[in-house]
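Undergrad: Quick one: structure below, then a few questions.
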Amino acid sequence: MTDEQKRLITVTVPVLKENGVLLTTHFYKRMFTHNPELKNMFNMGNQQSGKQQTALAMAVLAYAENIANPMVLLPVVDRIGHKHTSLDIRPEHYMIVGNHLLESIKEVLGEAATPAIIDAWGAAYQQLASLMSGHEAKLYEKQTIKTNGWTGWRPFKVGKKNIESAEITSFYLYPTDGGHVPMHIPGQYLSVRTFLPDLNLNQARQYSISSAPNEEYYRISVKREKGQNLDANGLISNYLHDFVNEGDVIDLTSPAGNFILAENIAAPIVLISGGVGLTPLMSMLQSLTGKNHTQPITWLHGCRNKSVHAFKDQLDQITSTNSNVKQHTFYNVVTPEDIANGVMEGHLDISSILELHQHPDTNYFICGPSAFIQKQFQDLQAQGINKNAIFFEEFGPQLLQLN
């Protein structure tokens, strides 16, 4: 890119701040009109909710603001790259997206979209596409060189379906070819693809791996969604609950994601979960205890009540057999039995746990709804915890700007 092109991109920043979501909404509508086959690749639930349009607008704005040095966006590029590889997005898809993005800029900006601005954005997009696809090529390569690794979609059989709570069911997934699977890193997720009759589309959704790393199977633990007019995310989860049984086959991509537990970590760990957000943390805990992690491990969990508390018996057993593991549980509604067992009433409140271990080297991992993550992040900072020691996983498009 020339200096003049970079200047023109910077000039459009105020326009993106004011009209970014309008632009990305128009972009998706245009792309799905001209390339309807891409509806099978994009999450239509996130389209329906507007989250994907907002996430893309934020990403385009961040890129424009840092056009002089886009390398500062590498952490974001890595996170998006993991999501793209989990959906089997390839370089040719960037060509389609780029064409519709430039045409959308022309159509939304009208006369303000001068040939010079369009040329600048064309050069900027090519730079971004090269950055993204280059990084994703490295991620694909890492997947293929792993023992038992693969890229793209691979059929898996449901070997076991197990009810974990009133809302959450686990699926144990084994390769149909009888082979093994690469050891995932605790905290990673899988993409699951299935056909949704209600939408007449193939749809994919990411689910955290809830089992300890092994070469035989993956386990995902899925929450049943309630309510009317569910989006595609809810439809996929409920389809798994209602129609996918032991012996059935679904497609998966390789484990992905950078919300991970560092290998051979030798520091105190605090795991903080809300509702179904406990799934990736379950993998972390099982991995830590399996490796005889000697540093303190503290798990804080909040949910509505005991009936929806998944893995409770397993967690109690892990706590009772590992002296370095402690847990603090909060239910919105408690019974006398819950109180007798040490459960606290109300939403999870870090400040109420006086004995919370606060060694300066402690790593904090948070997973749950967006509002839950934001509150725990702020509460930890209020207690003097360095934000660089706090890691979180936001399900769906990344909208939180905390780090």
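Undergrad: Only one of these conditions is not met by Gly396: (1) at pLDDT below 90; (2) small (Gly, Ala, Ser); (3) not in a loop (DSSP other than H, G, I, E, B). Which number is it?
TA: Tallying (1) at pLDDT below 90; (2) small (Gly, Ala, Ser); (3) not in a loop (DSSP other than H, G, I, E, B), Gly396 fails exactly one: (3).
Per-residue answers, yes or no, for (1) in contact (Cβ under 8 Å) with a residue 40 or more places away in the chain; (2) over 30 Å from Ile269 (Cα atoms):
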{"position": "Trp153", "(1), (2)": "yes, yes"}
{"position": "Lys157", "(1), (2)": "yes, yes"}
{"position": "Leu173", "(1), (2)": "yes, no"}
{"position": "Gln203", "(1), (2)": "yes, yes"}
{"position": "Gln206", "(1), (2)": "yes, no"}
{"position": "Phe243", "(1), (2)": "no, yes"}
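Undergrad: Then there is this: Do any residues in the stretch 264-288 that are under 12 Å from Phe395 (Cα atoms) have Cβ atoms under 6 Å from those of residues that are at pLDDT 95 or above and of a type in the set (Ser, Thr, Tyr), where the two are at least six apart or on different chains, and which pairs are they?
TA: Once the first residue is under 12 Å from Phe395 (Cα atoms) and sits in the stretch 264-288, its partners that are at pLDDT 95 or above and of a type in the set (Ser, Thr, Tyr) give Thr279/Ser208; Thr279/Ser210; Thr279/Ser221; Pro280/Ser208.
Undergrad: Right, another one. Is there a residue being crowded, with 16+ Cβ neighbours inside 10 Å and assigned to a helix (DSSP H, G or I) anywhere in the stretch 147-162?
TA: Within the stretch 147-162 (the criterion being crowded, with 16+ Cβ neighbours inside 10 Å and assigned to a helix (DSSP H, G or I)), the answer is no, since none of the residues qualifies.
Undergrad: Among Glu103, Glu111, Glu92, Glu107, which is the only one that is closer than 21 Å to Ser254 by Cα and of a type in the set (D, E, K, R)? Break it down into steps so the answer makes sense when it comes.
TA: On the way: Glu103 fails: closer than 21 Å to Ser254 by Cα; Glu111 fails: closer than 21 Å to Ser254 by Cα; Glu107 fails: closer than 21 Å to Ser254 by Cα.
On inspection, the qualifying residue turns out to be Glu92.
Residue-by-condition table, conditions (1) surrounded by 15 or more Cβ atoms within 10 Å (Cβ to Cβ); (2) in a helix (DSSP H, G or I); (3) modelled with pLDDT under 90; (4) of a type in the set (S, T, N, Q):
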residue	(1), (2), (3), (4)
Gln5	yes, yes, no, yes
Ile9	yes, yes, no, no
Met31	yes, yes, no, no
Thr54	yes, yes, yes, yes
Val60	yes, yes, yes, no
Ile67	yes, no, no, no
Ile80	yes, yes, no, no
Val97	yes, yes, no, no
Leu102	yes, yes, no, no
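Undergrad: Right, here's the next one. Residues that are among the hydroxyl-bearing types (Ser, Thr, Tyr), under 21 Å from the mean Cα position of the chain (by Cα), assigned to a helix (DSSP H, G or I) and not assigned by TED's automatic domain parsing to the domain that holds Tyr189: does the stretch 294-309 have at least one? So that I can check it myself, show each step before the final result.
TA: At the first step, the residues of the stretch 294-309 found to be among the hydroxyl-bearing types (Ser, Thr, Tyr) are 294, 298, 307.
Those still in the list that are under 21 Å from the mean Cα position of the chain (by Cα) too: none.
No: the stretch 294-309 contains no residue that is among the hydroxyl-bearing types (Ser, Thr, Tyr), under 21 Å from the mean Cα position of the chain (by Cα), assigned to a helix (DSSP H, G or I) and not assigned by TED's automatic domain parsing to the domain that holds Tyr189.
Undergrad: Can you tell me how many residues within the stretch 321-353 are outside any strand (DSSP E or B) and either within 30 Å of Ala266 (Cβ to Cβ) or touching a residue at least 60 places away in the same chain (Cβ under 8 Å) (or both)?
TA: Applying the first criterion (outside any strand (DSSP E or B)) to the stretch 321-353 yields 321-324, 332-343, 346-353.
Applying the additional criterion that residues be either within 30 Å of Ala266 (Cβ to Cβ) or touching a residue at least 60 places away in the same chain (Cβ under 8 Å) (or both) yields 321-324, 342, 348-353.
Number of matching residues: 11.
Undergrad: Would it be correct to say that Val76 is modelled with pLDDT under 90, in a helix (DSSP H, G or I), out of contact with any helix residue (DSSP H, G or I) (no Cβ under 6 Å at 6 or more places or on another chain) and under 14 Å from Leu128 (Cβ atoms)? Don't jump to the end; show me each part of the working.
TA: Working: modelled with pLDDT under 90: yes; in a helix (DSSP H, G or I): yes; out of contact with any helix residue (DSSP H, G or I) (no Cβ under 6 Å at 6 or more places or on another chain): yes; under 14 Å from Leu128 (Cβ atoms): yes.
In short, yes.
Undergrad: Write out, first by first residue and then by second, each pair whose Cβ atoms fall under 7 Å of each other, whose residues are 6+ apart or on separate chains, and whose first residue, in the stretch 13-28, is farther than 18 Å from Glu65 by Cα while the second is charged (D, E, K, R) and part of a helix (DSSP H, G or I).
TA: Hits for this filter: His26/Glu107.
Undergrad: Next question. Can you name the condition, by its number, that Ser273 falls short on among (1) in contact with a strand residue (DSSP E or B) (Cβ under 7 Å, 6 or more places away or on another chain); (2) of a type in the set (Ser, Thr, Tyr); (3) closer than 22 Å to Thr85 by Cβ?
TA: Every condition holds for Ser273 apart from (3).
Undergrad: Has the stretch 121-138 got at least one residue that is under 25 Å from Leu261 (Cα atoms), buried (at least 21 other Cβ atoms within 10 Å of the Cβ) and within 18 Å of the chain's Cα centre (by Cα)?
TA: Taking every residue of the stretch 121-138 in turn, at least one turns out to be under 25 Å from Leu261 (Cα atoms), buried (at least 21 other Cβ atoms within 10 Å of the Cβ) and within 18 Å of the chain's Cα centre (by Cα).
Undergrad: Another one. Report every pair of residues separated by at least 6 positions or lying on different chains whose Cβ atoms are under 6 Å apart, first residue within the stretch 41-57 and more than 18 Å from Leu101 (Cα to Cα), second polar (S, T, N, Q) and surrounded by 19 or more Cβ atoms within 10 Å (Cβ to Cβ).
TA: Here the result reads Gly45/Asn233; Asn46/Gln52, each pair linking the stretch 41-57 to a residue that is polar (S, T, N, Q) and surrounded by 19 or more Cβ atoms within 10 Å (Cβ to Cβ).
Undergrad: Same structure, new question: With respect to Ser287, determine if the residue is modelled with pLDDT of 95 or more and either part of a helix (DSSP H, G or I) or under 15 Å from the mean Cα position of the chain (by Cα) (or both).
TA: Criteria met by Ser287.
Undergrad: Oh, and also: Considering only residues that are buried (at least 17 other Cβ atoms within 10 Å of the Cβ) and within 14 Å of Ser273 (Cα to Cα), look in the stretch 337-362 and name the one that is modelled with the lowest pLDDT.
TA: Selected residue: Ile350.
Undergrad: Within the stretch 291-327, can you find the residues that are under 17 Å from Met344 (Cα atoms) and of a type in the set (Phe, Trp, Tyr)?
TA: If the condition is that a residue be under 17 Å from Met344 (Cα atoms) and of a type in the set (Phe, Trp, Tyr), then Trp299 is the only one that fits.
The values are calculated or read from the model by the stated rules, or taken from the named source; none is laboratory data. Since this is a predicted model, take the numbers as computed values, not measurements. Using ideal geometry, Cβ is built from the backbone for each residue, glycine included, and neighbour counts are taken over all protein chains shown.
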